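A short worksheet on the structure shown next.
The values are calculated or read from the model by the stated rules, or taken from the named source; none is laboratory data. For clarity, every value in this text was computed on a predicted model and none was experimentally measured. A quick note on method: Cβ atoms are made from the backbone with ideal geometry, for glycine too, and the neighbour counts reach across all protein chains shown. Heads up: the accessible areas ignore ligands, DNA and RNA and are worked out on the full protein's heavy atoms, side chains in. Shrake-Rupley method; radii C 1.70, N 1.55, O 1.52, S 1.80 Å.
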Amino acid sequence: MKFAVAIRNMGPQSNRDTIRACARIAEQAGFDALFISDHLCIPPDQTEGSGGRYLDALATLAFIAGATAKIRLGVSVLVAPYRPAVLTAKQVATIQELSGERMILGVGVGWMKPEFAALGVDVRRRGAITDETLSVIHHLFSADVPGAYDGPLVKFPSFVFMPRPKRPPIWIGGNGAAAMNRVLKFGDGWHPMLPAAELKAKVEELKGRARDAGRELPEVVVRRGLRLDDTGAARAKVAAEDEAGATYFILDLGRYPDEKSFGKSVETFFSAVA
């Protein structure tokens, strides 16, 4: 199992010094990757924990790319319907290029209805928009001058898509049948939010469907908080995720107050849990 850590790009911790310090701590500690979250338009009644302060996910990853050298950089997860598909592909390609191909693109359909309303996006079409965005990303990363694209929601003529680094791994968020179908069609990984007790059967289903499709088993990614004041229980929880079939564990340290607290938790995790 590989380990990553979530860094807050929201709340008072989302300042340049704390983000940079936490990113460097994560890199020096030996995490495979660090992850941030995605919100653009927090409604006033949903600000608990962030105060409504959220940095844009892709811009933040670009900043972190310049502050680090080796650690991979991911979004857990980017809400695909919030952004135009071609623009998203260009931003992803830019981060992938300038980071030295260290990006992991987690993608989800979203859930916060007021946020969709603020962005002028029909929440009822979020699944279809996500599928189209993923199709566009695959299309554009296929060639320096990909052909014209004629989809149900997006259409464009052929144009030069450069720089064109290696397409980053795409991890699909979501628990249901549509998400699993999306994994098998577009994804390199599955990032559900299921408890370990429910995960195992779903992983077995995914393995069977992947074999039937003649493809490798996608990465199975979980993002969990741990009580690091009880390292025995934390180890047991990580072991349960491993037993359930998770291959990748993102440690969520919650609302750590500053980089010192973040660093202490990271040290405890590696010395007593991982």
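For the range 74-103, the set of residues classified as closer than 14 Å to LEU134 by Cα, touching a Pro at 6+ places or on another chain (Cβ under 9 Å) and among the β-branched types (Val, Ile, Thr) consists of VAL92 only.
The combined condition, being out of contact with any strand residue (DSSP E or B) (no Cβ under 7 Å at 6 or more places or on another chain), assigned to a helix (DSSP H, G or I), more than 21 Å from VAL221 (Cβ to Cβ) and among the hydroxyl-bearing types (Ser, Thr, Tyr), is not fulfilled by THR133. Evaluation of ILE250 against the conditions (1) farther than 15 Å from ASP32 by Cβ; (2) in contact (Cβ under 8 Å) with a residue 40 or more places away in the chain shows that the sole unmet condition is (1). Give all pairs with beta carbons closer than 9 Å in which a residue from the range 150-170 that is touching a residue at least 12 places away in the same chain (Cβ under 8 Å) and hydroxyl-bearing (Ser, Thr, Tyr) meets a residue that is part of a loop (DSSP other than H, G, I, E, B) and open to solvent by 60 Å² or more (accessible area, probe 1.4 Å); count only pairs at least 6 apart in sequence or on separate chains. Close Cβ pairs satisfying both conditions: SER158/VAL145; SER158/ALA148. Checking each residue in the range 159-178 for being among the β-branched types (Val, Ile, Thr) and part of a loop (DSSP other than H, G, I, E, B) picks out only VAL160. Closer than 23 Å to TRP190 by Cα, modelled with pLDDT of 95 or more and not acidic (Asp, Glu): is that true of LEU55 in this structure? So LEU55 fails the test. So, ALA239, is that one surrounded by fewer than 17 Cβ atoms within 10 Å (Cβ to Cβ) and assigned to a helix (DSSP H, G or I) or not? Yes; evaluated as a whole, the condition is true for this residue.
Based on this model, can you work out whether ARG124 counts as basic (Lys, Arg), without any contact (Cβ under 8 Å) to a residue 12 or more places away in the chain, farther than 25 Å from ARG223 by Cβ and open to solvent by 50 Å² or more (accessible area, probe 1.4 Å)? Spelling it out, ARG124 is indeed basic (Lys, Arg), without any contact (Cβ under 8 Å) to a residue 12 or more places away in the chain, farther than 25 Å from ARG223 by Cβ and open to solvent by 50 Å² or more (accessible area, probe 1.4 Å).
The rows are residues; the columns are (1) within 28 Å of GLY49 (Cα to Cα); (2) crowded, with 19+ Cβ neighbours inside 10 Å; (3) at pLDDT 95 or above.
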| site | (1), (2), (3) |
| --- | --- |
| GLU216 | no, no, no |
| VAL220 | yes, yes, yes |
| ARG223 | yes, yes, yes |
| ASP229 | yes, no, yes |
| ALA234 | yes, yes, yes |
| GLU243 | no, no, yes |
| PHE249 | yes, yes, yes |
| ASP258 | yes, no, yes |
| VAL266 | yes, yes, yes |
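When PHE141, PHE186, PHE159 are checked against the criterion of being modelled with pLDDT of 95 or more and in contact with a Phe, Trp or Tyr (Cβ under 8 Å, 6 or more places away or on another chain), PHE141 stands alone in meeting it.
Here's the yes/no breakdown for (1) surrounded by fewer than 23 Cβ atoms within 10 Å (Cβ to Cβ); (2) under 18 Å from LEU251 (Cα atoms):
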site: GLY11; (1), (2): yes, no
site: GLN28; (1), (2): yes, yes
site: ILE36; (1), (2): no, yes
site: ILE42; (1), (2): yes, no
site: PHE63; (1), (2): yes, no
site: ALA67; (1), (2): yes, no
site: SER76; (1), (2): no, yes
